[in-house]
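One structure is given here, and the rest of the page talks about it.
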Amino acid sequence: MAEEAEGMDRFDMEGDFEGGQFGRDGEFYYRSRRERAPQTRDDAIYGVFAEGDSDYDSEEDEGSRRRRRKRRKDGGGGEADLTKPVQFVSTGKFMPTQEPEPEERPGLGRSAAAADDKAEEAEEEEQDDEGDTEMLPAMFGKIRDGARARREEKEREREAAARWRQVAGLGAGEPAAAPGSLESNSKVAKMMLMMGYKKGMGLGKNQQGITAPVESILRPKNAGLGSVEGFKEPKTLLPKENVPAPPPPPASAKKEKRWSKKAATKKAPILTKNELLAMRAEQEHEEQPAVVQKVIDMRGPQARVLTDLKGLNEEQEMEANDVPMPELQYNVRLLVDEARADIVRLDAQLRREQEKVASLVREKEKVARQEASQKRQLLVMERIAETLEKVREDDTAGMLTLDGLIQTFHGLKVQFEEEFKMCSIAWIACRYAHPLLIRIFQGWQPLQDPKFGLEVMKKWKDLLQGDQPYDFSDSAASMTPYVQLVSEVILPAVRISGTNSWEAREPEPMLHFLELWDNKKLLPPVLLQSILEHVIMPKLSAAVDSWDPRRESVPIHVWVHPWLPMLRERIETLCHSIRYKLSTVLHVWQAHDASAYAVLSPWKDVFDSASWEDLIVRYIIPKLRLALQDFQINPANQKLDQFNWVMLWASAIPVHLMVHMLEVYFFSKWQQVLYHWLCSPNPDFNEIMNWYKGWKGLFPPELLANERIRMLLTAGLDMMNQAAEGLEVVQPGARENVGYLRATEKRQFDAAQQAYHAAPGAAMADLSFKESIQAYAMEQGLLFMPRVGKFYNGMPVYEFGSVSICIDSVKRLLYAQLQDGVERWSAVTLTQLMDMNRMGRPH
């Protein structure tokens, strides 16, 4: 076991040292330690399973390098001695028209000679390469060593790939693998071959998998997997199909050496300034605005943040090809990029300057137009100033006339309309026209000669106001030249005449003047309202206050109503005084006096509805009610005086009040007379029909259109039909009284039941007291019914005949409303209540 272990140790140590051997004492002696080549990627991936012995290869490479150095030191491969004469080598004899044949070396054929030439060429290239590298400055020593190590590693990788291609069966005559295929990636191909993969066979242990790998297909930009529009999938060719192989690339006679002096470097295309700008403009035109996305490149030793993937493959290819001197090329690319950025920047600056020039040109044109416009305005202003100076001179000399002034300013307005408004020349004309118009209208009486000055003021209105509408605000800032002129020339004369000579009871002169000037639109609304407010209203208010309806024969509406269209809301202040004046007269008025209707009826549409109804209820209806109570219906000798007094007021009294008064005080009597006539023995129905038609013809149309009036007349007609058919005639009001009593008893019973549970004693007392009042009204033949919505001190109001009463069930008192024109309530007895119904006036 010891010997076996010692043998193992010796076997392991032989490859690490040169000239090493074990002594008798068991120690290992050696001349030098063997230098190992750097570990390659294949060594890291495959380890001991890598094809070939890296130690052996490195030994061969190192040996060959040592041999070349030795020959160079001996002079065989060094530089030529330029001090020696030129030596020529004979190439044989040949004719000028023939090609010289290559010299055959003894013992070798043409092939051997060609192989020898290739070997010599390869050796010369290596010598040139080493010579080039030795010519580099000493500061690039590290770069030279790194480049040499990378070149050697690439050579080993290419040789290993060639061997793998031989093993895989790819001969020299077969085409190269397509980009993106499995064979195109040597590392993947190696790994697959070590795992048992054979070209053309399926994947897997039993070769049951796919034969062709999944290929990546380039799709259009922004096209999803489901998009097929404008894009065709390339047809996948089966392995069995005979597809012609692409021709093999021409083999280069020499290996590419980027650092060799004789190497042909591939240069990037050189762009001029115009080509660069055109290409950039085309790219900007083709690019669509999109959201800028950041991509983090983690493939290198350091992470990079990219916003544009252009040139990424080129950078990767350059890194893969291991470009020598990357720092220098990086600096060169940086300088190129900076130059390109400077070109773009200068082009953008040039564009901005060009735009600035264009803007300045436009500004220059604008300023030129403004200059021309201002020159024109200056000329216009000079002409206007000359005209105004001439007017001033004429005014100073006293030669200025109104017609000449109008013509002068009218010419300025026609020629220079905008400047006429902008410079407010109308105010200048108003200043010169004011004293001339004062002189014309001096001593003018507007109420006696309202047409004086209309033509003159119309000309000045066209000049100063034109078609411009009047401003209805009464502020001094909104006053126009024409309004100012009228207020200083016309308004003082109107105020003086209205205050001194005009009488309110004679409205025609003032009305005629105002309507004439207002229709011609020569009197501004502001001044019209001023005249109404300060001249008309004070005169009318004083006249209304002094008006006495009992002494004056002219009704007040004759001289007040003509002002209604102009005064409008202002008339309300006069209506309050007029109602007060009328109430003092109507208090003592009697129904037979028709003058009250003539004075009061014109104010129905002037007073508001509430005030008018209150006036009628207080002073008119009580007197008409008394007239109907005293009215007797006698078919044999009928007198219609009282009835005609009532019908006179039919158009002035509200319909609901008139219908209620007729139903209570007229139709109750009328139906009773008709009932007794029909119940008399042998009634004359023709006479009764004529009597019926006569009464119906006495009602005005507005009452006949009322449904309640028609129903009351129809009730009389029904009684005549019953009597003519021999049926029993029902007494008028009996059926309604029975129905009313039933409804009243039901409501009282329900209220009593509710009140009994709350207060039994009070409920019984309330029911008994109301029942007694109702029974007494029935005995007297008077109507007893509640007034809907009417209360007094929280107690409901009832109608007892023609008097409104209120029942206090707790104190067992009866209150009645006194009919003296004032709403007053007083406690009364049943006898007093009957007297009030009989007399129709306060107790």
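Things to note:
- Candidates in the range 696-716 are the residues that are within 21 Å of V730 (Cα to Cα) and free of Cβ contacts under 8 Å to residues at least 40 places away in the same chain; of these, the one that is least open to solvent (accessible area, probe 1.4 Å) is L713.
- Tally of residues being exposed (fewer than 14 other Cβ atoms within 10 Å of the Cβ) and under 30 Å from R579 (Cα atoms) across the range 515-533: 1
- Among residues of the range 404-423, those that are farther than 14 Å from D462 by Cα and either charged (D, E, K, R) or surrounded by fewer than 12 Cβ atoms within 10 Å (Cβ to Cβ) (or both), counted: 3
- Residue list for the range 418-441, restricted to those being among the small types (G, A, S) and more than 50 Å from the chain's Cα centre (by Cα): A433
- Among the residues making up the range 445-467, those that are within 17 Å of P481 (Cβ to Cβ) and not in a helix (DSSP H, G or I) are Q465, G466, D467.
- Index of the failed condition, Y756 passing every other in (1) part of a helix (DSSP H, G or I); (2) of a type outside the set (D, E, K, R); (3) modelled with pLDDT under 75; (4) open to solvent by less than 40 Å² (accessible area, probe 1.4 Å): (4)
- All positions within the range 488-508 that are in contact with a Pro (Cβ under 6 Å, 6 or more places away or on another chain) and closer than 21 Å to A433 by Cβ: A493, V494
- Within the set V655, V588, the sole residue that is at pLDDT 90 or above and open to solvent by 40 Å² or more (accessible area, probe 1.4 Å) turns out to be V655.
- Some residue of the range 407-424 being out of contact with any Asp or Glu (no Cβ under 8 Å at 6 or more places or on another chain), within 23 Å of V526 (Cα to Cα) and not basic (K, R): yes
- Scanning the range 621-645 for residues that are out of contact with any helix residue (DSSP H, G or I) (no Cβ under 6 Å at 6 or more places or on another chain), surrounded by 18 or more Cβ atoms within 10 Å (Cβ to Cβ) and over 17 Å from M839 (Cα atoms) yields one hit, F643.
- Test: residue in the range 369-384 that is closer than 30 Å to I428 by Cβ and in contact with an Asp or Glu (Cβ under 6 Å, 6 or more places away or on another chain): yes
- Lone qualifier among L511, L464 - being within 30 Å of L379 (Cα to Cα) and in contact with a Pro (Cβ under 9 Å, 6 or more places away or on another chain): L464
- Leading residue by the ranking (modelled with the highest pLDDT) among those in the range 547-569 that are exposed (fewer than 11 other Cβ atoms within 10 Å of the Cβ) and in a helix (DSSP H, G or I): P565
- Test for V323: is it surrounded by 12 or more Cβ atoms within 10 Å (Cβ to Cβ) and modelled with pLDDT under 75: yes
- Given (1) under 56 Å from the mean Cα position of the chain (by Cα); (2) of a type in the set (D, E, K, R); (3) open to solvent by 70 Å² or more (accessible area, probe 1.4 Å), number of the condition R618 does not satisfy: (1)
The values are calculated or read from the model by the stated rules, or taken from the named source; none is laboratory data. Keep in mind that this is a model prediction, so the values were computed, not measured. No Cβ is skipped: glycine too gets one built from the backbone with ideal geometry, and neighbour counts run over all protein chains shown. Surface accessibility is based on the protein's heavy atoms, side chains included, excluding ligands, DNA and RNA. Shrake-Rupley method; radii C 1.70, N 1.55, O 1.52, S 1.80 Å.
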